[in-house]
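Below is one structure; the comments refer to it alone.
The values are calculated or read from the model by the stated rules, or taken from the named source; none is laboratory data. The shown structure was predicted, so the numbers you read here are calculated from the model rather than taken from an experiment. Cβ coordinates were reconstructed from backbone atoms using ideal geometry, including for glycine residues, and neighbour counts include every protein chain displayed.
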Ligand code: NAI
């Protein structure tokens, strides 16, 4: 079998130790991998001045697959997260995190076997944040039609390829009716093309409660970025913690596999780190590359090792990183039978049907605008400006005008809604804003538009 290249970023902290363990195990299984070293993390900063040098990005682009060890991100300053840099530079839009109860690993609940598919680019992770006033900070949460469709498509394709039976969309569309409403709409639109797979949805808070009480009801789950981040860590906890939580970041023709955990500086260099999470990520990588037999062989060996009670310290065992890796290598050569565990369905990689990246709405109608005003106390806004009528003023989403005014704490930014009786133009909005600008300090405006007859804006609470 001819060898395929994989970029290996060892990372820092425990990264080099667990990477060495993984390499030994991949060699023991004779998987046809040629490692191509690349730099990222603290070492890269010292050597090149960049946490993630452009050369590393180019190498991953050229090779197509990478295995990444953890990299330290300084808090409150220093270099940008290497993970975020790689994810964005390579448009790795899907973060796939399987959670499965492993034999021999103490966990709070049994019978977990699910895969989280987290949207990896959008949501609140765009870093679009502003102080609107001294009292009010804003973070823009962007959910897009093509982004939502793409992640839903990926979840269903993956479910089909791995013979999974159900995909659940996790959301908060009862509150975020427009953003998560769009995410869910795209989910059900894509679901129609996969009639053999059950499609369901659940509100994220209920989902968390159900996960810790009846996890068996979940199979593949697809979530927007922030919920996916949080819920996947919850799922990691359900199966024994960070030491056994693998992950993969997938894009079109590119994939970077890595454990969920970080660089664990507290145990770095002490031969104490558990390499299992990076190893499980490597198994997913081998399946992604089509090396199914090697993936199965390594997975069986890891399970047999854990079943036999050989564990690292984080899992209550006594083995060091190296000793655990040696035990797995021995199991590979002995091919010990495992009980009570079936290796994952060997699906290999799969191709994704391309979706249109943008859509042009047949009808778009401008109705008015929301005007965000900085003002202490409720601002006295004109009842009419140009063709627009004052409809309401809200503070943190609660309607404060027209009355009755709720008994709430007011902050110094108000949303003022002006709507026209008929359709208006951008020029009408500009003229109205110019008029209001004479008397009010404002932060920004948002146009109120209908798309194909459907309101593209939310009502204030109490409206
Ligand atoms: P962490 O995951 O590094 O460590 C949390 C706790 O889990 C520590 O007590 C650690 O010893 C333990 N732990 C983690 N992985 C382990 C393993 N394989 N075996 C045994 N014990 C393990 O999280 P923390 O401390 O919040 O972050 C440390 C650094 O890692 C930070 O700079 C953070 O930004 C970075 N980080 C990097 C990630 C990546 O490169 N993918 C992901 C998460 C954090």
Within segment 52-68, work out how many residues are farther than 13 Å from residue 6 by Cβ and either more than 16 Å from the ligand (Cβ to nearest atom) or not in a helix (DSSP H, G or I) (or both).
6
Matching option when the condition is in contact (Cβ under 8 Å) with a residue 24 or more places away in the chain and either touching a strand residue (DSSP E or B) at 6+ places or on another chain (Cβ under 6 Å) or surrounded by fewer than 17 Cβ atoms within 10 Å (Cβ to Cβ) (or both), among 256, 244
256
Residues of segment 270-296 satisfying the condition of being under 12 Å from residue 17 (Cβ atoms) and either within 8 Å of the ligand (Cβ to nearest atom) or surrounded by 24 or more Cβ atoms within 10 Å (Cβ to Cβ) (or both)
272, 273, 274, 275, 278
Could you figure out which of (1) within 21 Å of residue 181 (Cβ to Cβ); (2) in contact with a helix residue (DSSP H, G or I) (Cβ under 9 Å, 6 or more places away or on another chain) isn't true of residue 416?
(1)
Spot the failing condition for residue 92; the list is (1) within 20 Å of the chain's Cα centre (by Cα); (2) part of a loop (DSSP other than H, G, I, E, B); (3) over 19 Å from residue 121 (Cβ atoms), and only one is missed.
(3)
Considering residues that are over 11 Å from residue 143 (Cβ atoms), under 17 Å from the mean Cα position of the chain (by Cα) and without any contact (Cβ under 8 Å) to a residue 60 or more places away in the chain, the number found within segment 162-171 is 3
Among (1) crowded, with 21+ Cβ neighbours inside 10 Å; (2) modelled with pLDDT of 95 or more; (3) within 16 Å of the ligand (Cβ to nearest atom), there is one condition residue 267 misses while meeting the rest; what is its number?
(1)
Top-ranked residue in segment 318-350 [being under 32 Å from the mean Cα position of the chain (by Cα), surrounded by fewer than 19 Cβ atoms within 10 Å (Cβ to Cβ) and modelled with pLDDT of 90 or more; ranked as farthest from the ligand (Cβ to nearest atom)]:
322
Could you tell me which residue of segment 209-258 is farthest from residue 126 (Cα to Cα), considering only residues that are more than 16 Å from the ligand (Cβ to nearest atom) and in a loop (DSSP other than H, G, I, E, B)?
214
Of the residues in segment 1-20, those that are outside any strand (DSSP E or B), near the ligand (Cβ under 10 Å from one of its atoms) and at negative phi come to 12, 14, 15, 17, 18
Here are the criteria: (1) away from the ligand (no atom under 12 Å from the Cβ); (2) farther than 28 Å from residue 291 by Cα. Tell me which single one residue 26 does not satisfy.
(2)
List the pairs whose first member sits in segment 55-70 and is in contact (Cβ under 8 Å) with a residue 40 or more places away in the chain and closer than 13 Å to residue 82 by Cα, whose second member is in a helix (DSSP H, G or I) and within 16 Å of the ligand (Cβ to nearest atom), and whose Cβ atoms are under 6 Å apart, counting only residues at least 6 apart or on separate chains?
69/15; 69/19; 70/15
